[in-house]
Every structure is written in structure tokens, then in C-alpha cells.
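Asker: Got a structure for you, written out below as C-alpha cells; questions coming shortly.
A short reminder: the numbers here are calculations on the coordinates, not readings from a lab. Just so it is clear, the model here is predicted, and its values are computed rather than measured. Positions of Cβ are backbone-derived with ideal geometry, glycine not excepted, and every protein chain shown enters the neighbour counts.
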2 protein chains.
Amino acid sequence: MSSSVSPLAPKNVPEMPVIAGVRLATAEAGIRYKNRTDVLLAIMDKGTAVAGVFTRSKCPSAPVEWCRAKLKGGKARALVVNSGNANAFTGKTGRASTAMTARIAAKAVGCSESEIFLASTGVIGEPLDATKFDGVLGRLAVSAEPGDYLAAAKAIMTTDTFPKVATATVKLGKAKVTINGMAKGAGMIAPDMATMLSFIFTDAPIAPAALQALLKAGVEDTFNAVTIDGDTSTSDTLLAFATGAAAEHGAPKISRASDPRLKAFVKAFNQILANLSEQVARDGEGARKLVEITVEGAKTKASARKIAMSIANSPLVKTAIAGEDANWGRVVMAVGKAGEPADRDKLSISFNGIRVAKSGARDPSYDEAQVSEAMKAPEIAIKVQLGLGKGRDRVLTCDLTKEYVAINGDYRS
Amino acid sequence: MSSSVSPLAPKNVPEMPVIAGVRLATAEAGIRYKNRTDVLLAIMDKGTAVAGVFTRSKCPSAPVEWCRAKLKGGKARALVVNSGNANAFTGKTGRASTAMTARIAAKAVGCSESEIFLASTGVIGEPLDATKFDGVLGRLAVSAEPGDYLAAAKAIMTTDTFPKVATATVKLGKAKVTINGMAKGAGMIAPDMATMLSFIFTDAPIAPAALQALLKAGVEDTFNAVTIDGDTSTSDTLLAFATGAAAEHGAPKISRASDPRLKAFVKAFNQILANLSEQVARDGEGARKLVEITVEGAKTKASARKIAMSIANSPLVKTAIAGEDANWGRVVMAVGKAGEPADRDKLSISFNGIRVAKSGARDPSYDEAQVSEAMKAPEIAIKVQLGLGKGRDRVLTCDLTKEYVAINGDYRS
């Protein structure tokens, strides 16, 4: 939707290798946008394991409900993603639409409907006309190739200003395995548009239950530790697909997440989740600053997370950062309102390594000019030391600018 | 700070009568502002009962801690309020500053320090120089008069664009009693500035415990049901003073909040709290729309409150209203993320009486043009029907505009 790329976009886009057992194709189905791709079909070889985590919204979209139900089988043959329409809050029509899309995709790919996974992103409450997929998915199934992941990442964008991809190659046993990931999202929910979506593909032979355990553990400090505006989408979907093709050149088959041979893989997998979720924060609507908030010395990690999120979601902290103002009084406010154990007189706060507050008052060495200079950087690290325990956590967010209000308020006008 | 008055300001300011037993005076102490009053001294006759409720912040300001400690005595002789400096997060210096202010005030008024109540509003983390009150409070004690409440309300303003007062006269037994109130606040915490403050004065003879019970019950659906930005101040203070002077002309002495003779008084008291808290929402930073959110059919009132607050604090809902966009998809999102029981397929939503969503999908009779017209009004009522139970609640907020970001982001520049 936006024409200018976020100034926080990564400088380099990695070359994305192919993943054996995965073929991709994109098309213009004209769901809402004109002159851009809006459908992605990913076809996976037989035997591909699937895992997924979804929005905790009490009002999830029809595709989220579909995926949750199909995940029980643990097997996937295809993923269909469309942008432009979220198929959320569409009632019975929405359920009929997911069923029809799956039917069309299953026929095109030649598999069971229960092996089809779906994700939709875009406007909420607008019925999704699944007949638009008829014909399109059949053609895509024929033309699908091992891969242009960047083109795939572009087809699923809504208000994103850049496509988000990441890749890693690591050893599993003595074999090389590859992990590719893509994501979209520029607000937890974006202007009238919606959704954070992310898809991970690997040729590693990992059983569904093990993959699910890895994914669930991996999101905790990556996707679940990112907030743009505190507004959780109805459609957040993160799916991981493991084709197992690397078994052919000697990768061991993994059935438990705790398998020690997975060590390098888990590290790379989590780095990809961290990389993609950071890119989401870097493309936050209207963002001009990437903000990392670290809370140390909390009673527990959960307590540190709650305080870090209270800071990250505070409009007053976020507007201060947009104004390049090291307004630590607002950080104190956000710590205080989190409801977690905190002792004002033990609190220390720093911005980009410069301590501004110490033991519950302004740091005696505070130098306004020095701090103001530091606040001009495009990346701001806020560190809060509570001095109570060993709980530590870190979350990522962005600043709150007039552009955020413009993107989300001027949308229909 | 702002030069233009909020377009949502009340059209009429009431004539404020005097309250027997209360004298007021204001002065320019030059704490931060130039050419405006920034200190208020209210002197109460002997025997005045006091009650108070305060911020739930874990990092409260020094004056909040002072008041909490002194409240145990239940008696008040004076209130000192300054604007320009919140005396929050000021460590030992802050505590010394409140003690010195109370000492100066007690000497000026001729009472015990434990009968002095203090409130400060303004910048956080800046030491408050209490010596500025020396001399000033003595002169104010001499000049204090029964009252210009509007002048008092002006002296405690920070980023407020208008002074907030309310009054009511009701029968207590066969005697007339009067209640006067004032408030300040334009964000739960405002730009670098801070605080919601409110003070209520009455001549009714109500014992401290009864007054405290009334106040605690009264704030639940008034001040606690208002949010500007979800950011709770370190300094929120609401104090009520009952001089008891009306006993002289026959008002009965009240010792229990449940006394049936209090019925008319309680109603008027709660209306004043509602009136003042609505004025705070009307003066929300950058606000152009007053937004009332009603949630019905929840499992409980507490559940309805949580959902209503999730909607009221959602930046995406608030920016949509600023853009005059009846974006009910974002309301669905905010209901879904609240974590409270909700059933998407039973959900109905209306904007200013026009139903836009019904039974989990767009209302079949939805007319975009009609709704768009309704969204141009300065007051927007969002009603959500959950269809689950009898829980109902209502909260007030305002829209999120570029001016909010400007006020809070451009402050130092």
C-alpha cells in the first residue's frame, strides 16, 4: 500500500536457495489489488510434516480455524495464501469459502483436502469470493517451480513496504539441511488490512510433533516478543513445513524435539524466527526507529516480559522515541502501570548505553546533550534494571509516528 | 500548554457557589511556567473529613505516598497543589520536598503537618524546589477567600485546554448541602507532564470512613472508566473534603456510607465524578471525538469492562475514529484480543445506533454512506453486544489523532 520502503528495511536481501520437496508459484487473482500478485501456492512432496501456531484471538479468522483443525493430521501437501482479503468475521460464508478453496487446491495438487493449509490477509468482514481461485490454482500447480521465495514473499504483502525472507543452512547429522522462511506484517493488525503471516520451509526430516514443539518454543522469544501497536490480529498464522527430502542424502529422521542431533538446526531455526520477526518490527506502520527493550533484574522472566511489553505498548514512550526524546519519566510510568513487582528506588534506566536514571532518580551524571544526540540513531535500545531478581526479557517494537495515525486514520478517506 | 481549546469542551461553565468551611487562593510561584498561576492553597475549617484514592502505579510520586500515609488520620486542614513539576521519581529529594512543603503549609495555616495534603503535577524526574513555597503559602493563607473555584481549577492545569469544574446542591436530611469538584488531566499521563488530579469539596457532615467508602465506590464507573491512552500516571490523585459546616443549619451527621439519608447526596456526588471524568476525556490530548464504548451481553460486568477497555485502548480503533471510519473489523479484533469469553458468531456491533455487524458477519442492511455520515459527529457511541450473558459496562475515551503524536513527540523539540 505504501510506496516508500521503510528506512529500517534490511540493507541486504539474502539469496534464497531452493528447498528440496517444495515448489512455489504466484499469480494475480484480482482479489482486491490490481497489477500485483496476490496468491501464493506452495506445493510440498508427499510425507511433508507440518506444525503451526496461531493468533490467540477469541475471534479468529476462518482460515485460522481451518488450519487448527487440519493440523491434527500432521501432514501437508499444499499451502494457499491470498492477500487483499482476510476472510475474517465473515460467518458461514467464510467457512464455505475456506472449504471451497481447499477443494479447488486439493484437486489442482492431487491430494486430500485435509492436507491443504490456508492463510488469508487483508480486509476484515468482506466475504472472500473463492471462485476466484478456480482455474488460477490449477495453472499455478502446473507452473510451480522449486523456487522464487522473494516473489512468494511479495505476493503475501499488504501494507508491508518490503518483502521479508531469511535462510540458513546447517548440519543435521552429517547432512546439510536448509531452512527458508518468509513473513508479512506491518502492524499486528494493519489498516483495515490484517495479519502477521509467516511460513518456514525445510528439507530436514522432522516428525510433526517434534516440529510443533520446536515451533512453539521458538516463537516465545521471537514473534511473541514483537509488538507494533499491541493490537493482535484475528489471523496471525505461522506454519512450518518439513519435507524430509534431506533424508535422501543422509539426514537422520528426527522424532523428538529434544534429540541432541537437532542442536545446530534448532539454533538456526530460532535465528530465522528472530530475523523474520525483527523484520516485521522494522516494517512497523510509519516506523522510523527500531526499539529494543530489555528488562533485567525482574522477579521472573514472565514478569520481565510483562514490564517490557508495558513499555513497548505505551503510546507515550513510543511518541517520545519518535520525537527523539529520552523521556525516561514515561518509562518509569510504564514500569509502574505494568502491575508487576517493582521498587521505584531501585530502578535504573539507560538509552543506547547511556544511563539516565539510577536508584529511583535522575542519574547524577545525566547529560542532556549527550543523550539527545544518542536518540537520533535509527535503533534505540532501552534497558531497565529493576534490581529485584534474575528475571530478564527482551522485546522489539518501533516508534509511534504521525505516519502511523495517517496510515490507519486516513485509510478510507 | 496548548493555545486552542478542545472542540469537545463543555459549552457552559457552571457558576461555582462557595462551600462553607473552605477558602481558596492561587499564586504564581514560577515553578516551571511563566505568567500563569501554578500553586493552589485550599484551607479547610477544623473538623474537615478527608478521603482519597490514588494511582495504582508501582512507582507512585512522593506526594501520592505522602497523602496515602496522612489519610489514616482522616482529618484535613489544607491542600497544596502545584503544577509544572510532578515531584515523581525524585528519590530522597522528593520525600524531603514533600516534607518541607507540608511544614511550610502547616505553619502558614496553623495546623499539624499530618493535616496537610499535597498534589503535584508536571514534569517527572525533576527535583521540586520546595523553598519556592516559602513566603508564597504564608501570603496565600492570609488572602484565602471562600472562593473562586474556576481560578483554582486553572492553577492546577498542565496540558489541559480548559479548566474542569462541576457543582451540585442537594438535600441531606432537611438541609441543603453543596458539592464542588475540579479536575485536571489531558492524558492519563501527559507530555513529559503528568497526572490526573481531582478535588471534591462539600459542606456535608460526613465521617472520613463513610466519605472514603463513597469515593471508592464512585470512581469505579467514572474516573476508572476513562482512558485517554492507557498510560496510567505515577501521580493520579482524587481527594474529597467534607467540612461538615452544613451541620450548623441542620444537616445530619453521617457516619456510614449506607445511611439511607445519603441517597440524594450519593447520586449528586457520583454525577460530579462522572461529569469531571467526562471532561477529562473531552480534553484528551489531540482529541477531536468523544467516544463512548458500551459492551453488553458479557459474562460479567468485569468481563465487559475488560473488553470495553481493550477497544478503548486500541490504537487501530482510535485512529479509525479519527479518520471517521466505522471500521468494525478493528472492533472485532479488539474484542478478540481482550482474552475474555466471546463468540464471534454471536457478536453484533453498532456505531451511533446504526448496526454494522450482526451474528458474526457484516449486517445485511449495512449502508456505507449512512454510516460514514454518522461518523462525522463529534461524539461516537460504539455498542458491542456479545450475546453471552448479562454483564454490561461503559467506558469513555477519545480518538487518536496526529495532534496526539505531535503533542507527545514534538514536546522537547
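Asker: Within 10 Å of each Cβ of B:85-94, how many other protein chain Cβ atoms are there on average?
Answerer: For peptide B:85-94, the averaged partner shielding equals 4.
Asker: Mind checking the mean number of beta-carbon atoms from other chains within 10 Å of the Cβ atoms in B:58-65?
Answerer: What the average comes to for B:58-65 is 4.
Asker: Here is a further query. Kindly identify chain B as rounded, prolate or oblate by the Cα gyration tensor criterion: order the square roots of the eigenvalues as a ≥ b ≥ c, call it rounded if a/c is under 1.5, otherwise compare a/b with b/c, prolate if a/b is larger, else oblate. Can you show the working numbers first?
Answerer: Working: a/c = 2.14, a/b = 1.56, b/c = 1.38.
Verdict is prolate for chain B.
Asker: Please report the antiparallel percentage of the DSSP beta bridges confined to segment B:22-282, to the nearest 5.
Answerer: Percentage antiparallel, nearest 5: 70.
Asker: Pull up the DSSP beta bridges for the protein assembly as shown and report the antiparallel fraction as a percent, rounded to 5.
Answerer: Numbers: 100 of 146 bridges.
Rounded to the nearest five, the antiparallel share is 70 percent.
Asker: Something else now. For the protein assembly as shown, treating each Cα as an identical point scatterer without solvent, what Debye log10 I(q)/I(0) comes out at q = 0.10 1/Å?
Answerer: -1.02
Asker: List the trypsin sites (Lys or Arg not before Pro) within segment A:338-407 that DSSP assigns to loop and that have no more than 14 neighbouring Cβ atoms inside 10 Å.
Answerer: A:K376, A:K390
Asker: Under a Cβ-Cβ cut-off of 10 Å, what is the net charge of the residues other than A:S83 that fall near it, where Lys and Arg count +1 and Asp and Glu count -1?
Answerer: +2
Asker: To the nearest Å, what is the center-to-center distance of segment A:22-81 and segment B:342-383, using C-alpha atoms only?
Answerer: 30 Å
Asker: Explain nothing, just compute: Karplus ³J(HN,Hα) = 6.51 cos²θ - 1.76 cosθ + 1.60, θ = phi - 60°, for every residue of segment A:131-139 in order, whole Hz, x for Gly and Pro.
Answerer: 5, 5, 7, 5, x, 4, 5, x, 5
Asker: Place a +1 charge on the Cβ of each Lys and Arg in chain A and a -1 charge on the Cβ of each Asp and Glu, then give the dipole magnitude about the Cα centre in debye, rounded to the nearest 20.
Answerer: Values: 53 positive and 41 negative charges, 254 e Å.
In debye, rounded to 20, chain A gives about 1220.
Asker: At q = 0.20 Å⁻¹, work out log10 I(q)/I(0) for segment A:290-409 with the Debye formula, treating every Cα as an identical point scatterer and leaving solvent out; two decimals please.
Answerer: Listed by q, the Debye log ratios stand at -1.05.
Asker: Using every Cα-Cα pair within segment B:109-253, state what percent have a distance larger than 17 Å.
Answerer: So the portion of pairs separated by more than 17 Å is 69 percent.
Asker: While we're on this one: For every other residue with a beta carbon closer than 12 angstrom to the beta carbon of B:N275, add +1 if it is Lys or Arg and -1 if Asp or Glu, then tell me the sum.
Answerer: Net charge in that neighbourhood comes out at +1.
Asker: How far, in whole Å, is the closest Cβ of chain A from the axis that maps A onto B, and which residue does it belong to?
Answerer: A:K402, 2
Asker: Taking the alpha-carbon centroid of each part, what is the distance from segment A:110-171 to segment B:269-301 in angstrom?
Answerer: Taking the Cα centre of segment B:269-301 as reference, the centre of segment A:110-171 is 44 Å away.
Asker: Can I ask one more? With Cβ to Cβ distances under 11 Å as the rule, what net charge do the other residues near A:M44 carry (K, R +1; D, E -1)?
Answerer: +1
Asker: What do you get for trypsin sites (Lys or Arg not before Pro) in segment A:87-183 restricted to DSSP loop and a cutoff of at most 12 other Cβ within 10 Å of the site's Cβ?
Answerer: Listed in order of number, the matching sites are A:K174.
Asker: Hey, another quick one. Using a cut-off of 20 Å between alpha-carbon atoms, which lysines can reach A:K358, once sequence neighbours fewer than 8 places away in the same chain are excluded?
Answerer: Within reach: A:K299, A:K337, A:K346, A:K383, A:K390, B:K58, B:K92.
Asker: Once you order the gyration tensor axes a ≥ b ≥ c over the Cα atoms, which shape class does segment B:235-297 get: rounded for a/c under 1.5, otherwise prolate or oblate by comparing a/b with b/c?
Answerer: Numbers: a/c = 3.16, a/b = 1.99, b/c = 1.59.
It comes out prolate by the Cα gyration axes.
Asker: Loop only per DSSP, at most 15 neighbouring Cβ atoms within 10 Å: give me the trypsin sites (Lys or Arg not before Pro) in segment B:1-64, ordered by residue number.
Answerer: Answer in residue order: B:K11, B:K34, B:R36, B:K46, B:R56.
Asker: Give, rounded to the nearest 20 debye, the magnitude of the charge dipole that the protein assembly as shown has about its Cα centre when Lys and Arg contribute +1 at Cβ and Asp and Glu contribute -1 at Cβ.
Answerer: Here the size comes out at about 2280 debye.
Asker: In addition: Under the definition of partner shielding as Cβ atoms of other protein chains within 10 Å of a residue Cβ, what is the mean value for peptide B:350-359? Can you show the working numbers first?
Answerer: Numbers: counts 0, 0, 0, 0, 0, 0, 1, 4, 1, 2.
Going residue by residue through B:350-359 and averaging, the value is 1.
Asker: Moving on. Given q = 0.12, 0.15, 0.17 Å⁻¹, what are the Debye log10 I(q)/I(0) values for segment A:9-158, with equal point scatterers placed on the Cα positions and solvent ignored?
Answerer: -0.47, -0.74, -0.96
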